[in-house]
Amino acid sequence: MTTGIPHITELLRLLHLASPSLPIGAYTYSQGLETAIEAGSVSDAESAYDWISESLSVVADFEAPVFWRLLRAFSDNNRANVTHWTELFLAARDTQEFRAETIQMGYSFNKLILDLEIADESLRAIMASQAEIPLPTAFACAAVALKISPDVALSGFLFSIVENQVLVCVKSVPLGQVSGQRLLLSLHADIAATANHAKQLEDDELSNWSPGLSILSMMHEVQYSRIYRS
């Protein structure tokens, strides 16, 4: 695993990667939340918390443990494992919008990695060998390139997902800015629990089973009025 940089440097690098200002287009996606708001399932701070917390349970069983494995694969410079978990993650994107979302953000993130010249030749070679690059793969590569420890990187990855969901709620429920920050603060324990759970799962325990979310995503594809791309 990647270690050995001062704590403050690691923190600053994590904040950079998890920043909502990172130019990868995350703000254009709601991950099905816009349809839930349209349907009235999310209408206030309490229901927003329930939605995001339940969404994290799906992330905890699949996206987060895949990301954890990608971190280890990049740290070990293991191209085969990076390819395996990248392809598995893409195969599990069960709607057109969810697949397009992760590929677009992954492409933009990888371009940023190249433009900033933060990855060494071996990491760049691994990324160049991938047919398509989803967001978790690009984020994991950047975290390893910046020598962010796996535990810290996983927490930052999860926080960025949750923060984006909260921002959708602030803009579209709508919630006030203070209510949004209160909601984000209340989800810290859920993020920590998700990270801990993800690290404990064996390969055969991973599951992306979330039919309700998949249905909402398919509904969003034909939703008449929408702001977000997913």
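Residues in the stretch 178-230 that are modelled with pLDDT of 95 or more and hydroxyl-bearing (Ser, Thr, Tyr): 179, 186, 194, 207.
Within the stretch 138-147, being more than 20 Å from residue 200 (Cα to Cα) and of a type in the set (A, V, I, L, M) holds for 138, 142, 143, 144, 145, 146. For the stretch 174-207, filtering for residues that are under 22 Å from residue 34 (Cβ atoms) and either surrounded by fewer than 19 Cβ atoms within 10 Å (Cβ to Cβ) or in contact with a His (Cβ under 8 Å, 6 or more places away or on another chain) (or both) leaves 7. Taking the stretch 56-92 as the range and being within 18 Å of residue 199 (Cα to Cα) and in a loop (DSSP other than H, G, I, E, B) as the test, the residues that pass are 62, 76. A count restricted to the stretch 27-55 and to residues that are assigned to a helix (DSSP H, G or I) and more than 21 Å from residue 219 (Cα to Cα) stands at 4. Filtered by the rule that a residue be touching a residue at least 12 places away in the same chain (Cβ under 8 Å) and more than 19 Å from the chain's Cα centre (by Cα), the stretch 187-202 gives no residues. Within the stretch 50-98, the set of residues being closer than 21 Å to residue 156 by Cβ and of a type in the set (Ser, Thr, Tyr) comprises 53, 55, 57, 75, 86. A count restricted to the stretch 20-47 and to residues that are of a type in the set (Gly, Ala, Ser), within 18 Å of the chain's Cα centre (by Cα) and surrounded by 12 or more Cβ atoms within 10 Å (Cβ to Cβ) stands at 4.
Could you list all residues from the stretch 110-129 that are among the hydrophobic types (A, V, I, L, M, F, W, C), under 18 Å from residue 23 (Cβ atoms), out of contact with any Pro (no Cβ under 7 Å at 6 or more places or on another chain) and not in a loop (DSSP other than H, G, I, E, B)?
Taking the stretch 110-129 first, the residues among the hydrophobic types (A, V, I, L, M, F, W, C) are 112-114, 116, 118-119, 123, 125-128.
Okay, now just the ones that are also under 18 Å from residue 23 (Cβ atoms), so 112-114, 116, 118-119, 127.
Next, from what is left, pick out any that are out of contact with any Pro (no Cβ under 7 Å at 6 or more places or on another chain): 113-114, 116, 118-119, 127.
Within the stretch 110-129, 113, 114, 116, 127 meet the criteria.
Going through the stretch 145-165 one residue at a time, which ones are surrounded by fewer than 24 Cβ atoms within 10 Å (Cβ to Cβ) and hydrophobic (A, V, I, L, M, F, W, C)? Result: 145, 146, 152, 159, 161, 162.
Can you find, within the stretch 78-130, the residue that is farthest from residue 144 (Cα to Cα) among those that are without any contact (Cβ under 8 Å) to a residue 24 or more places away in the chain and hydrophobic (A, V, I, L, M, F, W, C)? Once the filter is applied, the top-ranked residue is 91.
The values are calculated or read from the model by the stated rules, or taken from the named source; none is laboratory data. This is a predicted model, so every value here is computed, not measured. Note: ideal-geometry Cβ built from the backbone for every residue, glycine included; neighbour counts use all protein chains shown.
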